[in-house]
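For reference, the structure is listed below as structure tokens.
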């Protein structure tokens, strides 16, 4: 998901990216000003980082919007 963001020097593009593996692991990277990557901080990432807060939950679906993100776990697997 990308959107324009106004900064003092003009405009820049802010993006956050989610990658869901076949095994149900969720990785995220990009713009993280509000902690929207789910990594426990507000540091922007240039490379994919595993969303460790999900523990061993197998993610089945990921959705994101301008002010939200959502990961849905597979109901047939067990998490922490």
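Throughout, read-outs are computed from the coordinates displayed, never taken from laboratory work. These numbers come from a predicted model, not from an experiment. Here the Cβ positions follow ideal geometry from the backbone for every residue, glycine too, while neighbour counts run over all protein chains shown.
Rounded to whole Å, the principal axis extents of the Cα atoms in the range 15-79 read 33, 20, 18, largest first.
For the peptides 62-69, 23-30, 47-54, 35-42, the ranking by mean Cβ contacts within 10 Å, running from highest to lowest, is 23-30, 35-42, 47-54, 62-69. Distance between the modelled labels on residue 23 and residue 67, one decimal in nanometres: 3.7 nm (7 Å Cα→Cβ projection).
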